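S.K.: Dropping a structure here in structure tokens format, bear with me for questions.
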Amino acid sequence: MPEGHSVHRIARQFSLHFIGHTVAVSSPQGRFASGAAQLDGHRMVDAVAVGKQMFLEFDHGLWMRVHLGLYGAWDFAGDITADATTASADGRMGQTNMRGTIIDDFEGEVPDAAGARGENEASLRSIGAPRRTRLRMAENEKLGDDIAVFPPEPVGQVRVRLLTDVAVADLRGPTACEVQTPDEVAASMAKLGPDPLVGDPDEGEERFVAAVRRTTTPIGLLLMDQKVVSGIGNVYRAELLYRARLDPHTPGKQVPEELVRELWRDWVYLLGVGVETGQMMTMDGLEGEAYRAALASRDDRHWVYHRAGEPCRVCGTNIAMEMAAGRKLYWCPRCQK
């Protein structure tokens, strides 16, 4: 599932290539035909990411809310920038989300910052000026071939297509895609916990601390609760807890307040790294070949995630895994006891 950094990167693409443009909105699949008709022909004026959800505002006051869920992805094509996080005209932080599954013509590897060739999960970096190409954004990001004809034909089950004179974005497989009024958007956002890139991070810290410290729910479940904190998924949950050397089973109210604050501040830091690199980089201090390897493969960028049965990188104890609320929870029984 795409986590917070991905959605902010996607919002950055919309900020750079769609805001200020009149957008033709359609539903090639047909399931969003009514919503598309309400937005078609209007100018996009804002793109806001909050946690795992994104909100696109149009000039007549209506918004489109999108939650990618487990299988959603955006396909961008046209005169686009491969990594909009370094090219945004307004300087806002953004997120993108791409699935690791390569579909249709998205089969190419992506060069990382140092020019190395990655495998399934290579990081996209800025390649300079916009080019007429394809870009898939979901849990991972995949750069496709340049296109000869614009706009390209929709491929597969496209829920909604957003088209300007120079760029197109196709949405596939989202958990939610709906038109909302400003009041409905406000209500949707009010249900979400704080996001370090939205609003005052100090206020976000206080909300997070209060939410954690008032309950006996284990901290390993609280970090996945989008009402407590926005954007953290299975990867960031496991890595944040390991970096804090915190037992995931500890009840929230038993976690010392200063440690809760350290969790929030580490989330602020890791989210920023994720937005910058396009990857959930959770190991610090990597340089040279180690850094390139980490960009190319999650096996080289995480402390405990997806490493069940493998030795802890610090103490050598086998990493444990259990199911918690239907998701796999990874931790080191010795470092996090």
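The values are calculated or read from the model by the stated rules, or taken from the named source; none is laboratory data. All figures in this text were calculated on a predicted structure; none of them were measured in a lab. A quick note on method: Cβ atoms are made from the backbone with ideal geometry, for glycine too, and the neighbour counts reach across all protein chains shown. Side chains are part of the model used for accessible areas, which takes the heavy atoms of the whole protein and leaves out ligands, DNA and RNA. Shrake-Rupley method; radii C 1.70, N 1.55, O 1.52, S 1.80 Å.
S.K.: When the scattering of region 181-276 is computed by the Debye formula from its Cα atoms alone, each counted once and equally, what is log10 I(q)/I(0) at q = 0.14, 0.18, 0.26 Å⁻¹?
M.R.: Taken in order of the listed q values, log10 I(q)/I(0) reads -0.47, -0.77, -1.52.
S.K.: While we're here: Using a ≥ b ≥ c from the Cα gyration tensor of region 190-337 (square roots of the eigenvalues), is it rounded, prolate or oblate, where a/c under 1.5 gives rounded and otherwise the larger of a/b and b/c decides, a/b for prolate?
M.R.: Values: a/c = 1.92, a/b = 1.25, b/c = 1.53.
It comes out oblate by the Cα gyration axes.
S.K.: May I ask for the distance between the Cα centers of region 272-288 and region 304-329, given as a whole number of Å?
M.R.: 20 Å
S.K.: Right, another one. Within a Cβ distance under 14 Å of Arg65, other residues only, what is the Lys/Arg minus Asp/Glu net charge?
M.R.: Residues close to Arg65 contribute a combined charge of -2.
S.K.: Assign unit charges at the C-beta atoms only (+1 for Lys and Arg, -1 for Asp and Glu), then state the dipole size of region 227-337 relative to its Cα centre in Debye, rounded to the nearest 20.
M.R.: Numbers: 16 positive and 14 negative charges, 80 e Å.
Its charge dipole is roughly 380 debye.
S.K.: As a test of the definition: which semi-axes, in Å, follow for region 272-332 when you take the square root of five times each eigenvalue of its alpha carbon gyration tensor? Largest first, please. Mind showing how you got there, number by number?
M.R.: Working: eigenvalues 101, 46, 14 Å².
That gives 22, 15, 8 Å for the three semi-axes.
S.K.: Determine the sum of side-chain charges near Glu178: Lys and Arg each +1, Asp and Glu each -1, restricted to other residues whose C-beta is under 12 angstrom from that of Glu178. Working shown, then result.
M.R.: On the way: positive: Arg31, Arg65, Arg159; negative: Glu184.
Residues close to Glu178 contribute a combined charge of +2.
S.K.: Continuing with the same structure: Write down the accessible area per residue of region 291-331 in Å², having rolled a 1.4 Å probe over the full set of protein chains.
M.R.: Numbers: 1970 Å² over 41 residues.
In whole numbers, region 291-331 has 48 Å² accessible per residue.
S.K.: From Cα pairs below 8 angstrom and at least 6 apart in sequence, can you work out the relative contact order of region 193-337, rounded to a whole percent? Display every interim value, and only then the final one.
M.R.: Details: 213 pairs, mean separation 32.8, N = 145.
Relative CO of region 193-337 lands at 23 percent.
S.K.: Express the carbon and sulfur contribution to the solvent-accessible surface of region 182-324 as a percent, rounded to the nearest whole number, probe 1.4 angstrom.
M.R.: Values: 3100 of 6210 Å².
Carbon and sulfur together cover 50 percent of it.
S.K.: Going highest first, how would you order 19-25, 62-68 by mean Cβ packing within 10 Å? Please report the intermediate quantities before stating the final value.
M.R.: Numbers: 19-25: 18.0, 62-68: 22.6.
The densest-packed peptide leads the list: 62-68, 19-25.
S.K.: To the nearest Å, what is the center-to-center distance of region 50-77 and region 144-182, using C-alpha atoms only?
M.R.: Spelled out, the Cα-based centre of one part sits 11 Å from the other.
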